[in-house]
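Asker: Encoded as structure tokens, here's the structure I'll be asking about.
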Amino acid sequence: MSDELKHHRRSPEMEFERQDLSPKAVYAFLVGLAVAGVLVSLFLWGMYEVLDAREKRHQPVQNPLVQQTKADTRQVLPTEVEKFPQPRLEQNERLEINDFRRKEEQTLNSYGWVDEKAGVVRIPIDRAMQLIAQRGLPTTPKAGTAPAVAGKVNDGNLQKGKAKQ
């Protein structure tokens, strides 16, 4: 094979038709599109200004007993954040989830009261697993079976604590 590049001579059949689309028309379209974008942006800006002024004019009269607040509430001071009701928005998710996990880990690995009046306590998971390994799980009767009745069976007759008379 030859490494020569084949150069085609330009012929009238291979050129594009200049009467259909000229570069001047493409540039004029792009300039018109940019001008239209600027005009739409200016129109929307003016519309927001008019609507904002209209909203300020049509505000109801505020009760004089209501505490006056500053107009710009986008910046919230840390002292005001503490006044917000729970649950609050997260400000630093990573720090808050780490604190939450640390508290949960401490709860799972420590002793403490769950309900002191009822005598219910919380023990660490490792200790609970040791106790289950030593004592086993508590058994419960299967569903549908009657619980055993306390008493003696004598000759097929059931006696409850007293002898038959």
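Computed from the coordinates by the stated procedures, all read-outs in this text should not be read as laboratory data. Keep in mind the model is a prediction, meaning the values are calculated, not measured. Positions of Cβ are backbone-derived with ideal geometry, glycine not excepted, and every protein chain shown enters the neighbour counts.
Asker: Return the pair list, or none, for Cβ contacts closer than 8 Å from residues in region 85-106 that are more than 16 Å from P124 (Cα to Cα) to residues that are of a type in the set (D, E, K, R) and assigned to a loop (DSSP other than H, G, I, E, B), at least 6 apart or on different chains.
Answerer: Sorted first by the residue in region 85-106, then by its partner, the pairs are E96/E90.
Asker: OK, next. Could you list all residues from region 104-138 that are in a helix (DSSP H, G or I), among the basic types (K, R) and surrounded by 10 or more Cβ atoms within 10 Å (Cβ to Cβ)?
Answerer: The answer is R127, and nothing else.
Asker: Does N92 fit the bill of being loosely packed, with under 10 Cβ neighbours inside 10 Å, out of contact with any helix residue (DSSP H, G or I) (no Cβ under 9 Å at 6 or more places or on another chain) and polar (S, T, N, Q)?
Answerer: Taking the combined requirement at face value, the residue satisfies it.
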